[in-house]
1. Calculate log10 I(q)/I(0) of segment 79-171 for q = 0.12, 0.15 Å⁻¹, where I(q) comes from the Debye formula with a single equal point scatterer on each Cα and nothing for solvent.
2. Which peptide among 242-255, 179-192 comes first, and what is the full order, when sorted by highest mean count of other Cβ atoms within 10 Å?
3. Taking 8 Å as the Cα distance limit and 6 or more residues as the minimum spacing, I'd like the relative contact order of the chain as a percentage.
4. How would Cys80, Cys215 line up from fewest to most surrounding beta-carbon atoms within 10 angstrom?
5. Would you order Asp12, Asp174 from fewest to most other beta-carbon atoms within 10 Å of each residue's own beta-carbon?
6. Quick one, could you list the DSSP H helices from the chain stretching 20 Å or more along their long axis (Cα atoms) with average Kyte-Doolittle hydropathy of 1.6 or above?
7. Calculate the dipole size of the chain relative to its Cα centre from +1 charges on Lys and Arg beta carbons and -1 charges on Asp and Glu beta carbons; express the result in debye to the nearest 20.
8. Arg262's amide H: which non-local residues (gap 5+, or another chain) put their own amide H closer than 5 Å, with H modeled 1.01 Å from N in plane and none for Pro or chain starts?
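Where a number appears in this text, it was derived from the coordinates with a stated rule and is not lab data. If you're wondering where the values come from, they're calculated on a predicted model, not measured in any experiment. All Cβ positions, glycine included, derive from the backbone under ideal geometry; neighbour counts span all protein chains shown.
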Amino acid sequence: MLWALVLWYTDDSFFDTVLVVALLMVPMTAVSMRFMKAPYGRFAAKRGWLAVNARLGWMLMELPATLVFWPCFLSGPRACETVPMILAGIWGIHYLNRGFVFPYLIRVPKRGGATFGLPVWGTGIVVTSMHGYLNGTFFSRLGQHFTEEWLADPRFLFGVALYAAGLLLNIHSDAILRNLRTREEVERGDKVYRIPRGGGFAFVSNPQYLGELMCWTGFTLFTWSLPGVFILTLSAANLVPRAVETHRWYLERFPDYPRSRRALVPFLY
Ligand SMILES: NC(=O)c1ccc[n+]([C@@H]2O[C@H](COP(=O)([O-])OP(=O)(O)OC[C@H]3O[C@@H](n4cnc5c(N)ncnc54)[C@H](OP(=O)(O)O)[C@@H]3O)[C@@H](O)[C@H]2O)c1
């Protein structure tokens, strides 16, 4: 009976069990984000428990997306087929940026930069481990629709286009934010915040989050999978409230903040 309960999506009960646990994390996160702000960066607790700086925090959180994904993917029977290889290539690009390039370039003030407490990086490790396992296994072992015909499917084509547009917006917006702090300020330990301008910031306060959510929407479409739904909805549960809080924070902190900007969705929200 229990066996039948966990075999609900694929023919692999361990995979289906991890998927259930992952999907349950989404409503739990959405509810907890109603009562708290994820305590890192500008919303970090004064003294985070086992806090590390943002560079190390990001690397720790995102490392499983590489270390767990690749063994799962490469051990699958279809790892050398065209579509699984394309999906893995997109994954590789995404986590090369988020796990290594982004943390390497981030400007962390020399003093007061330890803003990632254990609850943040610990939860991050759990999430990216499940995310890496679910997708590595699905791409090369369990996803039945990843045949050559999938390359001409509108869900694949539109999903990849949306993902690419989201990634460009995300990377460009991350770069604008990074450059708001000069290297000298970082060296001195000054934690300076300024109004970001240009690119997607002409329309919203959080184009980096909008780009991220476009990426995961595209990913969900081009993989047409529940592991995609998991990471999209979990990201939305985190980033939508954070976008609203960040927008409010800018309006309260900067009297000259552009009033026409929205929090996350141009002209709407
Ligand atoms: N998929 C997901 O669930 C998920 C979750 C979180 C983040 N992300 C992605 O990770 C990336 C980073 O996001 P994040 O939440 O760490 O925050 P963020 O607000 O985008 O901050 C990124 C960096 O820019 C600095 N910064 C931000 N606003 C600034 C300003 N006005 N003036 C000066 N410096 C500023 C931050 O400094 P401080 O650290 O001092 O604030 C931090 O070093 C984004 O691309 C996001 O989409 C994804």
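1. So the normalised log intensities are -0.53, -0.76.
2. Working: 242-255: 15.6, 179-192: 13.2.
Listed from highest to lowest mean packing, they are 242-255, 179-192.
3. Details: 368 pairs, mean separation 62.0, N = 269.
The normalised contact order for the chain reaches 23 percent.
4. Numbers: Cys80 10, Cys215 25.
By the 10 Å Cβ count, ascending, the order reads Cys80, Cys215.
5. Numbers: Asp12 16, Asp174 20.
Ordered by Cβ neighbours within 10 Å, fewest first: Asp12, Asp174.
6. Details: long enough: 13-35 (34 Å, 1.63); 82-96 (21 Å, 1.37); 118-137 (28 Å, 0.58); 154-178 (35 Å, 1.00); 207-223 (24 Å, 0.45); 226-253 (40 Å, 0.32).
Once both thresholds are applied, what remains is 13-35.
7. Values: 26 positive and 17 negative charges, 326 e Å.
Using only the charged Cβ atoms, the result is roughly 1560 debye.
8. Answer set, sorted by chain and number: Val204, Ser205, Phe267.
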